[in-house]
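K.L.:
Below is a structure I'd like to ask you about.
The values are calculated or read from the model by the stated rules, or taken from the named source; none is laboratory data. Source: prediction; values computed, not measured. Glycine gets a Cβ as well: all are built from the backbone with ideal geometry, and neighbour counts include every protein chain shown.
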């Protein structure tokens, strides 16, 4: 009996060890520490207190906002514990639940207010509401309290007649978005605007729950990549230069990434070529950009590209494509496919 028990214990331990990932494997099914597929699509990561918090869309029940925004935690980017449903669908206004849309949630920490601030893209199924949503929490894992939805910037770029999104009245549309906390303490929201042809960069208010008022073009906000139809903005900064990776606007279908650079976050921005190289470069390895994370424990200038491999007919099984890259001396970078790679800190 003891021998059988010992053998069973050994098998259990071996099974648990086998489930512990030793590498990041882009495009494969990733499971959390309970063995369930990670549901954090269109997400982003907050590093706080030595812990990485990964927020994203829970697509367990398919398209729409049928569950809410999930939160996972990790100390090594490999082992992810599901912490909570940080912003359940029922915490949001009714029009954004179930058949409504809650996409690309991102969270930053405000050291002055001691609040965790979440922004997201909120919409109806027809993508006509196209608004920002903001929620706050005292704890990184939530629960987050929904504050409001709104369109940050009103700007007459030449509205189409009979504009179904009512931009003349409500302001420019707000869709794919990201947050960026600069090293001077200011924070910004990047988002696809004007029906998606243009990206806006807008400075946030001191508490990060709104925009700096009054909004002044060229001073507190700016239009970038004008008329270039880019989305999925993933901004980051290195050595005084601002970068943003974007995708084209082809719905669920992947397309070639590109990136842009600027010496000032409000521009001017210069668009560069597709940074991906090798087989799969024309589809960004079957993914769409969602976030860029400084690589933990690596030399300055090393980052992790985070993308979503959307499976439109089974969104719950959409995969994550994370790939490392390094900024070269001339400020350029390339992203190459790897079947697997180790995010562990570099030995010193």
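K.L.:
Could you tell me whether residue 43 is under 21 Å from residue 335 (Cα atoms), crowded, with 22+ Cβ neighbours inside 10 Å, touching a residue at least 60 places away in the same chain (Cβ under 8 Å) and touching a strand residue (DSSP E or B) at 6+ places or on another chain (Cβ under 6 Å)?
P.N.:
Numbers: under 21 Å from residue 335 (Cα atoms): yes; crowded, with 22+ Cβ neighbours inside 10 Å: yes; touching a residue at least 60 places away in the same chain (Cβ under 8 Å): yes; touching a strand residue (DSSP E or B) at 6+ places or on another chain (Cβ under 6 Å): yes.
In short, yes.
K.L.:
Filter segment 268-293 for residues that are surrounded by 17 or more Cβ atoms within 10 Å (Cβ to Cβ) and in a loop (DSSP other than H, G, I, E, B); which is farthest from the chain's Cα centre (by Cα)?
P.N.:
269
K.L.:
Now for a separate question. Please indicate, with yes or no, whether at least one residue in segment 29-49 is within 15 Å of residue 120 (Cα to Cα), at pLDDT 95 or above and touching a helix residue (DSSP H, G or I) at 6+ places or on another chain (Cβ under 6 Å). Reasoning before the result, please.
P.N.:
Within segment 29-49, the subset within 15 Å of residue 120 (Cα to Cα) is 40-46.
Among the residues that remain, those that are also at pLDDT 95 or above are: 40-46.
From what's left, touching a helix residue (DSSP H, G or I) at 6+ places or on another chain (Cβ under 6 Å): none.
No, that holds for no residue.
K.L.:
Still on this structure, I have one more. Output the qualifying pairs, or none if there are none: Cβ atoms under 6 angstrom, residues six or more apart or on different chains, first residue in segment 157-169 and closer than 20 Å to residue 124 by Cα, second residue in a loop (DSSP other than H, G, I, E, B) and modelled with pLDDT of 95 or more.
P.N.:
Every condition considered, the pairs that remain are 164/128; 165/128; 165/130; 165/173.
K.L.:
Any idea which of 322, 337 is modelled with pLDDT of 95 or more, out of contact with any helix residue (DSSP H, G or I) (no Cβ under 7 Å at 6 or more places or on another chain) and under 21 Å from residue 233 (Cβ atoms)?
P.N.:
322
K.L.:
What do you reckon, is residue 255 without any contact (Cβ under 8 Å) to a residue 40 or more places away in the chain, in contact with a helix residue (DSSP H, G or I) (Cβ under 8 Å, 6 or more places away or on another chain) and part of a loop (DSSP other than H, G, I, E, B)?
P.N.:
Against the criterion (without any contact (Cβ under 8 Å) to a residue 40 or more places away in the chain, in contact with a helix residue (DSSP H, G or I) (Cβ under 8 Å, 6 or more places away or on another chain) and part of a loop (DSSP other than H, G, I, E, B)), residue 255 qualifies.
K.L.:
Which of (1) surrounded by 23 or more Cβ atoms within 10 Å (Cβ to Cβ); (2) outside any strand (DSSP E or B) is the odd one out, the single condition residue 192 does not satisfy?
P.N.:
(2)
K.L.:
Do you know which residues across segment 106-116 are buried (at least 24 other Cβ atoms within 10 Å of the Cβ) and more than 14 Å from the chain's Cα centre (by Cα)? Steps first, answer last, please.
P.N.:
Here is the first cut: in segment 106-116, the residues buried (at least 24 other Cβ atoms within 10 Å of the Cβ) are 106-107, 116.
If the condition is that a residue be buried (at least 24 other Cβ atoms within 10 Å of the Cβ) and more than 14 Å from the chain's Cα centre (by Cα), then 116 is the only one that fits.
A quick yes/no check of all residues on (1) at pLDDT below 95; (2) in contact with a helix residue (DSSP H, G or I) (Cβ under 7 Å, 6 or more places away or on another chain); (3) assigned to a loop (DSSP other than H, G, I, E, B):
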| residue | (1), (2), (3) |
| --- | --- |
| 57 | no, no, no |
| 63 | yes, yes, yes |
| 70 | no, no, no |
| 86 | no, no, no |
| 108 | no, no, no |
| 127 | no, no, yes |
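K.L.:
Would you say residue 102 is touching a helix residue (DSSP H, G or I) at 6+ places or on another chain (Cβ under 7 Å), under 24 Å from residue 190 (Cα atoms) and either modelled with pLDDT of 95 or more or part of a loop (DSSP other than H, G, I, E, B) (or both)? Reasoning before the result, please.
P.N.:
Details: touching a helix residue (DSSP H, G or I) at 6+ places or on another chain (Cβ under 7 Å): yes; under 24 Å from residue 190 (Cα atoms): yes; either modelled with pLDDT of 95 or more or part of a loop (DSSP other than H, G, I, E, B) (or both): yes.
Considered against the rule, which asks whether it is touching a helix residue (DSSP H, G or I) at 6+ places or on another chain (Cβ under 7 Å), under 24 Å from residue 190 (Cα atoms) and either modelled with pLDDT of 95 or more or part of a loop (DSSP other than H, G, I, E, B) (or both), residue 102 comes out as yes.
K.L.:
Here's a follow-up. Which ones in segment 204-244 are under 12 Å from residue 191 (Cα atoms) and in a strand (DSSP E or B)?
P.N.:
Of everything in segment 204-244, those that are under 12 Å from residue 191 (Cα atoms) and in a strand (DSSP E or B) turn out to be 221, 222, 223, 224, 230, 231, 232, 233, 234, 235, 244.
K.L.:
Taking segment 88-99 only, how many residues are out of contact with any helix residue (DSSP H, G or I) (no Cβ under 8 Å at 6 or more places or on another chain), touching a residue at least 24 places away in the same chain (Cβ under 8 Å) and part of a helix (DSSP H, G or I)?
P.N.:
Our first condition is that a residue be out of contact with any helix residue (DSSP H, G or I) (no Cβ under 8 Å at 6 or more places or on another chain); within segment 88-99, this holds for 88, 90-95, 99.
From what's left, touching a residue at least 24 places away in the same chain (Cβ under 8 Å): 88, 91-93, 95, 99.
Those still in the list that are part of a helix (DSSP H, G or I) too: 91, 95.
Summing the residues that are out of contact with any helix residue (DSSP H, G or I) (no Cβ under 8 Å at 6 or more places or on another chain), touching a residue at least 24 places away in the same chain (Cβ under 8 Å) and part of a helix (DSSP H, G or I) in segment 88-99 gives 2.
K.L.:
Related question: Just to be sure, is residue 172 crowded, with 20+ Cβ neighbours inside 10 Å, over 25 Å from residue 320 (Cα atoms) and under 17 Å from the mean Cα position of the chain (by Cα)?
P.N.:
Values: crowded, with 20+ Cβ neighbours inside 10 Å: yes; over 25 Å from residue 320 (Cα atoms): yes; under 17 Å from the mean Cα position of the chain (by Cα): no.
No, not satisfied.
K.L.:
With the condition kept exactly as written, say whether any residue in segment 338-348 is crowded, with 16+ Cβ neighbours inside 10 Å and closer than 14 Å to residue 257 by Cα. Before you say what the answer is, go through the steps one by one.
P.N.:
So in segment 338-348, the residues crowded, with 16+ Cβ neighbours inside 10 Å come out as 343.
Those left that are additionally closer than 14 Å to residue 257 by Cα: none.
Checked segment 338-348: no residue is crowded, with 16+ Cβ neighbours inside 10 Å and closer than 14 Å to residue 257 by Cα.
K.L.:
Let me ask something else about it. Can you tell me which of (1) part of a loop (DSSP other than H, G, I, E, B); (2) within 18 Å of the chain's Cα centre (by Cα); (3) in contact (Cβ under 8 Å) with a residue 60 or more places away in the chain is the one residue 311 doesn't meet?
P.N.:
Evaluating residue 311 over (1) part of a loop (DSSP other than H, G, I, E, B); (2) within 18 Å of the chain's Cα centre (by Cα); (3) in contact (Cβ under 8 Å) with a residue 60 or more places away in the chain leaves (3) as the failure.
K.L.:
Just to verify a result, which residue in segment 170-184, among those that are assigned to a loop (DSSP other than H, G, I, E, B) and touching a residue at least 40 places away in the same chain (Cβ under 8 Å), is farthest from residue 242 (Cα to Cα)? Write out each step before concluding.
P.N.:
If we filter segment 170-184 for residues that are assigned to a loop (DSSP other than H, G, I, E, B), which is where we start, we get 171-176, 182-184.
If we keep only those that are touching a residue at least 40 places away in the same chain (Cβ under 8 Å) too, we end up with 173-176, 182-183.
Details: 173: 24, 174: 22, 175: 21, 176: 19, 182: 10, 183: 11 Å.
Only one residue fits best here, namely 173.
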